[in-house]
Structures are given as C-alpha cells and as structure tokens.
C-alpha cells in the first residue's frame, strides 16, 4: 500500500463511528480522569500513561492529584517535590516538563489551561498526541489522537503494510484517524479508539470476536491480525556493568548526589558511580568513578548487591560496594550532594535500581538494630 494513498475509500466511517460509540458506551472502564472534563486531570492522565500501563499508573494518578489537586498547586510545588511524587514511574522528563508547563500556564494564562490546539502544543512536553487528547476530551475540539493503541487499530483496520515508524506512514495514519474521527463527539471517539486498542485490539491474541469493527477490518478478513502494525526489526539491546559506591562517613551517613536536570534521570538522587571500562575489575571501577565524580578516595569494604535493570534502550547490572573514606573529608563536585542517614534516604527521589539498593540497605540496617536490641 502506498502510504501517500488516502484511506478514505476503504471503510464506511459513519458505520465505524456508530459501532465504536455503542461499544464504548457499554465497555468503557471506570477511570478517575473520566469523572469530569477537568483539563488538568485529563492532561495529567495522558502524560502519566505515556510508557506506563493503566494498572501501574492509577495509584500514581490518585496520589499525584491528592498532593497537587490543581494546576496552581503543581506550579507552586518545587521540582524536587514533583520528582519525588513521580518516583518509580520512569521517563522523568515527563514530570519535569509537566511542572514547567504548569508554571507557564499560571504565568501566561492565569492558571487556566488553554483549549486551543496551537496553544496546547506550545507547552513544554506537549506534542501532537497530548495536545489532541486534551483539546478533544476536555474541550470537544475535533482533533484526532494517534498513539500506540490507535496505530495498532488503524494498521489492522486498513491492513496498512508499511513500517509505521516512518514519517510518511505517520502522516498517513494521522490522515486515517482524522477521516475516521466523529467530529461531533471527538473526545468520546478518541477515547473509544484508545480503549479498543487497550482492551480488544491488543498486540498479542486480539479479541476479534468481541471487536465492533471486525466486519470492516482488512487484517481480520485475511486472518492476519498479528502481522500488523509492521515495525522495524529492533536492534539488540546493549548491556552495561555499573559500579556504585555506598560511601559511609564516621557518623554512618551515606553520601548521595543529585543528577543535573539536563541529564538522563535529571533531578533524581543517586549513589556515585559509573560504567565499567574494558578490562577493568569492578572494584577498580567503583573507586575510579567515585574519585572522578566526587573527589573522594575510598576503600572498598565489600560488595553489597548486584541489581539488574532495563531502560528503554539499554540494560544494566548495577554492582554496589560498601566503601569507607580513606580520609574524613567532604566531596568536591559541582553536583549537589548530601550525607544522609538510612532513614533520610526514603525522603529523596532515586532511580529504580538505586531505590532497590536502598531497600536492601534499610533492611540490613533494621536487622542490625534488631540484633543490637535483642
């Protein structure tokens, strides 16, 4: 199929709109951001659910709204408070951009989220999908959303045979979504398309017998549902060994540092360390990285843990070592740093692998205190 070919001739869009509307009315999930047309909650849900499943995101949404009930509350909060509330969700640029955008809405729009698509698109972190979702769901503006779920539905519906990641394919899919859009009820239509992809037109084992669009679906007619969408062959995922130091001072406090905001995982705290060089043993990596990052000379006492973690484009094994200072001194670094007690570690936001390590340290400290009191 030529991606430049318009999709308008393939299906009866009015029939599809009616079937989607009826199906959605009977099958929509009861989700908290659907309880009103509050643009703040809709915006938050769309940002939060990027790269996050609904079941994982729900508790974060509820706690986030409880802590920051309005866009003004979010804007008034510190970035550290926002990052801490986001801890564990990953993709922290979402939280940083959401905070920046909240402050911009307060400064430029008197705390009222704009309903116009171009204004929404100008906000930090708001791309075409998020702008279309807010504009359509909160403000009933006729903009079609195209996310991963919608791409899957459209690719199967039209048996779209091109790689969906290409710019020409994205343009074609946006045209298809716009043509199919029920402009009288754009918010419900967009939600129905996303819900269909989440509940019925799933990546594996789609429930075609329950799909309201099965009669129109070209992939289903050919019994080739899982052949679509067509994606590029993924490259092998690189793996890195990381060594970090759990550095303790004379008061048994632990040294942590804050990642710069323009770096990956920016704004989160971490134990100092870094990637193992070829031919280097892990203890040497730990001492070298600690010295380079903090100016501290340390002695490795013992290995505490090996923790595996996967990011979107690479995997790591984090090797954590308990370290002692060879001289009682403070770090010399441009990064913000602190000496924290074990209990204080819970008050700061850390990447997931670091948080797993902290849980081990807290368990160890708790066991030590119990043994001492027995």
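The values are calculated or read from the model by the stated rules, or taken from the named source; none is laboratory data. What you are looking at is a predicted structure, and each value in this text was computed from that prediction instead of being measured. We place every Cβ from the backbone using ideal geometry, glycine too, and count neighbours over all the protein chains shown.
Below is a table of values for the structure above.
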item	result
The one condition in (1) on the phi > 0 side of the Ramachandran plot; (2) crowded, with 17+ Cβ neighbours inside 10 Å that residue 286 fails to fulfil	(1)
Count of residues meeting criterion [assigned to a loop (DSSP other than H, G, I, E, B) and surrounded by fewer than 22 Cβ atoms within 10 Å (Cβ to Cβ)] in the stretch 218-228	3
Cβ-Cβ under 7 Å pairs, at least 6 apart or on other chains, the stretch 324-348 side free of Cβ contacts under 8 Å to residues at least 40 places away in the same chain, far side in a strand (DSSP E or B)	326/298; 326/299
Matching entry among 178, 202 (being within 28 Å of the chain's Cα centre (by Cα) and within 21 Å of residue 43 (Cα to Cα))	178
Breaking point among (1) closer than 27 Å to residue 55 by Cβ; (2) over 29 Å from the mean Cα position of the chain (by Cα), for residue 190	(2)
Residue under evaluation residue 234, criteria (1) more than 30 Å from residue 347 (Cβ to Cβ); (2) in contact (Cβ under 8 Å) with a residue 12 or more places away in the chain, criterion not met	(2)
Elements of type helices (runs of 4 or more DSSP H) contained in the stretch 92-211, each with 3 or more residues being buried (at least 19 other Cβ atoms within 10 Å of the Cβ) and assigned by TED's automatic domain parsing to the domain that holds residue 81	93-109, 128-139, 148-157, 167-180, 186-199
Residue 56 vs. criteria assigned to a helix (DSSP H, G or I) and either at negative phi or surrounded by 15 or more Cβ atoms within 10 Å (Cβ to Cβ) (or both)	yes
